[in-house]
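Just below is one structure, and these are the notes that go with it.
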Amino acid sequence: MNIRLVVFALIFLVFGFTARAQQDSTVRFVRYGVFGSAGLNVHTPQFFFPEPVYLLVSLPGSLPTFRFDPTTTFGWSAGGLVELPIADRFGLSLRASYSQIGARLVAYETIKGGFLSLNGQSVSFIDIRVEHSSDMRTLAHFSIEPYLTYRPLDMLVLYAGAQFATPLNTSVRSIETILDTNALVFWNTNGTKVRTTYQGAFPTLNILNIGLSGGIGYELPIDAEKQWICAFEMFYTGFLGSLANNIFVYGATVQPGFWSLGTLRAGVSLRYAPFATGK
């Protein structure tokens, strides 16, 4: 699906509904505005990355049988909105937004380390804890969000719709870090406990991610004519499918992995109702 076609289709609907709304009494529900919000990004990454590089630097016969841990991060979003009535208390809302969804994905591994005794006649083994992290904290979405709305009260709005999102700022830096405090344990001959295994763009992120979204908003007029409105709102989006393809879980067999995301955000919007009369 081409996101630009989706955008053009939704803009066409917006102007069509605007012309219709101006012909009936529901025109008081027309809104134009901007919004900002903060919230939580819940990542469930059932995969490990980077697979090819890891296999090159691992011991012969070893495979990464672990996967990244689920994580929750804070993020923010901002954008613009249009709301138009359809019939009675039903309407259409269209939003465009930029949202931070990034996270630092982490997995842990325990490997065996062998140490030769001072006399060179015996070897002792210890467990070494290793952290594998893929830092994608700059990852963001540009989204188009069409909603059907229902107003059980003039100032209370319920939203049900979808989010069409394309990823931005897709760089990732994957690092292996030895967590063992033993001074003799290190990765390289220079004595460092950190090594970078990959740095660049995440190669298999989906160009378009689709989620189901719902929300609620409550409007408070800030002038006598009720043309300027401050609204408090909350939205949840659960994305369908995986944020990336060609990702894998290793073990006895290699299986396809997935990366799911849910976002919960709360914020405020400033709205202008050009046809409000203050009644």
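Observations on the model:
- Considering only residues in the range 189-223 that are out of contact with any strand residue (DSSP E or B) (no Cβ under 8 Å at 6 or more places or on another chain) and of a type in the set (V, I, T), the one that is nearest to G257 (Cα to Cα) turns out to be T192.
- Residue under evaluation A224, criteria (1) open to solvent by 70 Å² or more (accessible area, probe 1.4 Å); (2) among the small types (G, A, S); (3) on the phi > 0 side of the Ramachandran plot, criterion not met: (3)
- Some residue of the range 237-255 being of a type in the set (F, W, Y), surrounded by 16 or more Cβ atoms within 10 Å (Cβ to Cβ) and either in contact with a Cys (Cβ under 7 Å, 6 or more places away or on another chain) or outside any strand (DSSP E or B) (or both): yes
- Flag for E219 being part of a strand (DSSP E or B), under 26 Å from S77 (Cβ atoms) and acidic (D, E): yes
- Residues that are free of Cβ contacts under 8 Å to residues at least 40 places away in the same chain and at negative phi, drawn from the range 227-249: F232, M234, Y236, G238, L240, S242
- Being touching a residue at least 24 places away in the same chain (Cβ under 8 Å), touching a helix residue (DSSP H, G or I) at 6+ places or on another chain (Cβ under 7 Å) and surrounded by 11 or more Cβ atoms within 10 Å (Cβ to Cβ) holds for only one residue in Y218, Y198, and it is Y198.
The values are calculated or read from the model by the stated rules, or taken from the named source; none is laboratory data. Nothing here was measured: the structure is a model prediction, and the numbers come from that model. Please note: Cβ atoms are built from the backbone with ideal geometry, for glycine as well, and neighbour counts cover all protein chains shown. We work out accessible area using only protein heavy atoms, side chains counted, and drop any ligands, DNA or RNA first. Shrake-Rupley method; radii C 1.70, N 1.55, O 1.52, S 1.80 Å.
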